[in-house]
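The values are calculated or read from the model by the stated rules, or taken from the named source; none is laboratory data. These numbers were taken from a predicted model, which means no experiment stands behind them. All Cβ positions, glycine included, derive from the backbone under ideal geometry; neighbour counts span all protein chains shown. When the accessible area is computed, the model is the full protein with side chains, heavy atoms only, and any ligands, DNA or RNA have been set aside. Shrake-Rupley method; radii C 1.70, N 1.55, O 1.52, S 1.80 Å.
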Amino acid sequence: MDPRIDAVRPDLADIRLAGRVFAPHYAAPLPRVVQGETPLYDTPSRTEPPLHLLRKGDVFEVLEFAGGKAWGVAPGPALVGYIDASALGETE
């Protein structure tokens, strides 16, 4: 598993990976629309440069909301990471 493209952490995994990986908890993706440009980071602390810049109208599949951040999958670039939860609108 590659955490940049497979939504797997020690505590949580995308339900679509349930047949390939064991995790204590699984989450179903919640598609949300990005409301404005926002960077996608590989960690919630943003210590590294962004992986990608999501644009207004892009879809982000949220697996977890915590601490003002959303963790999930950006299907366009096929990357997993964290964005500011405030950048997301309603469900797709």
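Quick notes on this one:
- Residue 86 - accessible surface, heavy atoms, 1.4 Å probe, Å² rounded to 10: 110
- Within the accessible surface of the chain, defined with a 1.4 Å probe on protein heavy atoms only, the carbon and sulfur portion equals 54 percent.
- Subtracting the Cα-Cα distance of residue 18 and residue 86 from 0.36 nm times their residue separation leaves 21.6 nm of extension gain.
- Accessible surface computed residue by residue for the chain, with neighbouring protein chains in place and a 1.4 Å probe, gives 56 Å² per residue.
- Values of log10 I(q)/I(0) for region 1-72 across q = 0.15, 0.26 Å⁻¹ run -0.52, -1.33, by the Debye formula with one identical scatterer at each alpha carbon and no solvent.
- DSSP-assigned coil residues among chymotrypsin sites (Phe, Trp or Tyr not before Pro) in the chain, each with at most 11 further Cβ atoms within 10 Å: 22
- Cleavage-rule hits (trypsin sites (Lys or Arg not before Pro)) in the chain: DSSP loop, at most 16 neighbouring Cβ within 10 angstrom: 4, 20, 46, 55, 56
- Top of 37, 61, 48 by mean-square fluctuation, Gaussian network on the chain, Cα under 10 Å: 48
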